[in-house]
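Taking it in order: structure first as structure tokens, then the write-up.
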Amino acid sequence: MLDVIIIGGGILGVTTARLLSRFNLDTLVLEKGADLGEGASKANSAVLAAGFHPRGGSLKGISCVRGNAMYPQICKELGVEIAYPGSLFVAFHREGEEMIREKYKKGLKNNVPDMEILSGSESRALEPGLSDRVTMALYARTTGIIELFPFC
Ligand SMILES: Cc1cc2nc3c(=O)[nH]c(=O)nc-3n(C[C@H](O)[C@H](O)[C@H](O)COP(=O)(O)OP(=O)(O)OC[C@H]3O[C@@H](n4cnc5c(N)ncnc54)[C@H](O)[C@@H]3O)c2cc1C
């Protein structure tokens with residue numbers, strides 16, 4: 001008799017199964033594909049989002065920030081490399097700058113730490129390859145990247 005059946009062996013299904021393995025539960029993952037992680041999880045960009053994109057104060061936004069903070073420990077346990085180079089979300093004109101201010105507000109509501117709005121020149125001091133046309137950037141230090149190429 002099983003305690004839990006998880007339908008779908010993507011990142012969410014297998015992470016849930018891994019968490020449940022810490023309890024005395026019989027868990028089954030059902031995957032319709034030939035292998036685990038063959039869905040959206042196979043094709044993503046490996047970016048560990050800081051959490052300023054989801055709606056401010058939403059479950060998704062708050063979970064994103066909490067998940068981001070959990071990753072160093074998860075990666076340590078699984079022997080996966082992770083780095084936190086941070087991200088620059090850039091604007092080229094007034095409309096883009098308004099979007100950056102909105103993202104910043106969302107980030108604050110989602111408790112994103114270490115975020116700041118930079119001017120164009122401050123952004124280029126961090127990333128000299130940026131275009132001279134960049135007028136503003138949202139710098140989020142907790143944006144990370146998972147090293148997946150060794151597993152490809
Ligand atoms: C191009 C792209 C880039 C992305 N980049 C990023 C990124 O950089 N960072 C980030 O955090 N997110 C990114 N995402 C989003 C992220 O990849 C997804 O949110 C995540 O992979 C979803 O995981 P999942 O387990 O919910 O779904 P999936 O990985 O799609 O897993 C669902 C699984 O369920 C299986 N399944 C479906 N129906 C059944 C059934 N009836 N019975 C059994 N099995 C079934 C499928 O075969 C599949 O394996 C990106 C997405 C895309 C498309």
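The values are calculated or read from the model by the stated rules, or taken from the named source; none is laboratory data. Remember, predicted model here, so these are calculated numbers, not experimental data. Methodologically, a virtual Cβ is constructed for each residue, glycine included, from the backbone with ideal geometry; neighbour enumeration extends over all protein chains shown. Just the protein is used for accessible areas: all its heavy atoms, side chains included, with ligands, DNA and RNA removed. Shrake-Rupley method; radii C 1.70, N 1.55, O 1.52, S 1.80 Å.
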On the full set of protein chains, 1.4 Å probe, figure out the accessible area of ILE7 and give it in Å² to the nearest 10.
150 Å²
Selected from LEU126, LEU48, ILE62, residue furthest toward positive end of dipole (the range 1-129; charges at beta carbon)
ILE62
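If you place +1 on the Cβ of every Lys and Arg, -1 on the Cβ of every Asp and Glu, and leave all else neutral, what size is the dipole of the range 1-66 about its Cα centre, to the nearest 20 Debye? Can you show the working numbers first?
Working: 7 positive and 5 negative charges, 76 e Å.
Charge dipole of the range 1-66: 360 debye, to the nearest 20.
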Using alpha carbon centroids, what distance separates the range 1-37 and the range 40-55, in Å?
21 Å
Nearest 500 deg cm²/dmol is fine: what mean residue ellipticity at 222 nm does the chain get from its DSSP H runs of n ≥ 4 alone, each adding -39,500 (n - 2.57), divided by its residue count?
-11000 deg cm²/dmol
Put ASP132, ASP35 in order of accessible area, largest first, probe 1.4 Å, and you get ASP132, ASP35
With +1 on the Cβ of every Lys and Arg and -1 on the Cβ of every Asp and Glu, and nothing else charged, how large is the dipole of the range 89-152 about its Cα centre, in debye rounded to the nearest 20?
220 debye
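Send over a whole-number figure in Å² for the accessible area per residue of the chain, probe 1.4 Å. Don't skip to the answer; put the middle values down first.
Numbers: 10160 Å² over 152 residues.
Heavy-atom accessible area per residue stands at 67 Å².
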So what does SER121 come to for accessible area, using a 1.4 Å probe and Å² rounded to 10?
80 Å²
Test item: Cα-centred dipole of the range 1-132, Lys/Arg +1 and Asp/Glu -1 on Cβ, debye
400 debye
Counting other Cβ atoms within 10 Å, which trypsin sites (Lys or Arg not before Pro) in the range 77-152 have at most 11 and lie in a DSSP loop?
ARG133
What is the range 47-111 by shape, rounded, prolate or oblate, if you read a ≥ b ≥ c off the alpha carbon gyration tensor as root eigenvalues and call it rounded for a/c under 1.5, prolate for a/b larger than b/c, and oblate otherwise?
oblate
Can you tell me the length gained on complete extension of the stretch ALA43 to LEU19, counting 0.36 nm per residue apart and subtracting the Cα distance?
6.3 nm
Determine the share of the chain's accessible area contributed by carbon and sulfur atoms, expressed in whole percent, with a 1.4 angstrom probe.
58 percent
I need the semi-axes of the equivalent ellipsoid of the chain: take the C-alpha gyration tensor, multiply each eigenvalue by 5, square-root it, list largest first in whole angstrom.
35, 17, 14
Of VAL14, VAL47, which has the most accessible area with a 1.4 Å probe, and how do the rest follow in descending order?
VAL47, VAL14
